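Worksheet: the structure to be examined is printed underneath.
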Amino acid sequence: MVDPPAHARGLGDPRIERRHLEYFIAVSECGGFKAAGERLFVAASGIAQGIRQLEHYLGVTLFERSRLGSRLTPEGRAVVGPAHRALRAFDLVVAAASEVAGLSTGTLDTISTPSLAQEPLSTLIGVFRRRHPGVRVRLTAPAAQFVSEITASIVEGENEIGVTEHPGGAVDGIRITPMYTGEIWAVCPPGTTGMAERIPRSRLVELGIIVAPYWESSDLYRQLRATCPEIDDAIVIRTEHRDSFISLAMAGAGAVLTDTVQARRAAMRGAIVARLDPPLTRDVVVVCRDSHLSPAAAAFLELCRDSGSLE
């Protein structure tokens, strides 16, 4: 076969197979051939060969190789979105058949911030998997915990379903489905004194709060600062390790703002919990593209619509 000229090459090249795109996405996310191979259960040499083939077919270098790993080139970064969409097209072909077969196969690609991945997403995925055990689920987190990162991931086709805070307005090409409005509680160290069923928001400044790196981009921060500008002085710990928030509060490091489910669990461990006055709430929504959902994504969206308040 005679190779087409470089300017005519692209993801539509008939020699490009699904595995080439899977290898490319895995290396871009894992940062190296070995890690990508471990994820896909393919030898690193096989991953490397597949990437070389893909680079040859596209006529560009996708990765800068070094002893520290593999980093996307500008050309590689430009291919990430189209590669995800091309894989989605593959999946839609399989999904069309699986829909007739009762959604027995396929993949559900979801994205969420870490806090919402705990609840409500873990509960929803559990229900979904019990209903459709043949469907695999891929759950990712945005590199930066901004709502815009999640909606951008949906627009680019990297994921089909996102569970997040309400973005605050309409987003072109995105369908926003409300799920519930959840109240946020303060989880405080055991033995914290002067607590009541409800505490003024200003009390958080005294207690000190534990937050994630992108706290200031959240709607919760905006709500608090509107009535309590000194909340900026309340941060005592900033960490990416959200799974340690409650443990840090239990150890006396400060207070944590969390949903009702996590607050109840913390109270069972001995934490002091309270609502805020005025109340602090979070609008949780599911976001997806306006059209062309796979059967798995459509079924999950319907589950989200029916979930109501999980509190």
- Message: Between a residue in segment 219-243 that is under 19 Å from Glu206 (Cβ atoms) and any residue that is basic (Lys, Arg), which pairs come within a Cβ distance under 8 Å, given they are 6 or more apart or on different chains?
- Response: Leu220/Arg282; Leu224/Arg201; Thr227/Arg201; Cys228/Arg201; Ile231/Arg201; Ile231/Arg225; Asp232/Arg225
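State whether the residues of segment 160-181 include one that is in contact with a Leu (Cβ under 6 Å, 6 or more places away or on another chain) and of a type outside the set (Asp, Glu).
yes
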- Flagged in segment 264-298 as part of a helix (DSSP H, G or I) and either open to solvent by 40 Å² or more (accessible area, probe 1.4 Å) or within 19 Å of Gly157 (Cβ to Cβ) (or both), in numbering order, are Arg264, Arg265, Ala267, Met268, Pro295, Ala296, Ala297, Ala298
- Query: In segment 28-44, is there at least one residue being under 18 Å from Gly157 (Cα atoms), of a type outside the set (Asp, Glu) and modelled with pLDDT of 90 or more?
  - Reply: yes
- Can you tell me which residues in segment 187-208 are within 31 Å of the chain's Cα centre (by Cα), among the aliphatic types (A, V, I, L, M) and open to solvent by less than 30 Å² (accessible area, probe 1.4 Å)? Val187, Leu204
- Among the residues of segment 209-238 satisfying the criterion of being part of a helix (DSSP H, G or I), in contact with a Leu (Cβ under 9 Å, 6 or more places away or on another chain) and under 19 Å from Gln262 (Cβ atoms), which is least open to solvent (accessible area, probe 1.4 Å)? Leu224
- Task: Might you check whether a residue that is polar (S, T, N, Q) and either modelled with pLDDT under 90 or assigned to a helix (DSSP H, G or I) (or both) occurs anywhere in segment 198-208?
- Result: no
- Item | Residue in segment 17-71 that is surrounded by the most Cβ atoms within 10 Å (Cβ to Cβ), counting only those that are basic (Lys, Arg) and more than 19 Å from Phe90 (Cβ to Cβ) | Lys34
- For Gly254, are the conditions met, namely being over 15 Å from Arg198 (Cα atoms), touching a residue at least 40 places away in the same chain (Cβ under 8 Å) and either touching a His at 6+ places or on another chain (Cβ under 7 Å) or buried (at least 19 other Cβ atoms within 10 Å of the Cβ) (or both)? yes
- Residue that is surrounded by the fewest Cβ atoms within 10 Å (Cβ to Cβ) [pool: residues in segment 123-159 that are of a type in the set (Ser, Thr, Tyr) and touching a strand residue (DSSP E or B) at 6+ places or on another chain (Cβ under 9 Å)]: Thr140
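The values are calculated or read from the model by the stated rules, or taken from the named source; none is laboratory data. If you're wondering where the values come from, they're calculated on a predicted model, not measured in any experiment. Don't worry about glycine lacking a Cβ; one is built from the backbone with ideal geometry, like all the others, and counts go over all protein chains shown. Note: accessible area is taken over every heavy atom of the protein model, side chains too, but ligands, DNA and RNA are not part of it. Shrake-Rupley method; radii C 1.70, N 1.55, O 1.52, S 1.80 Å.
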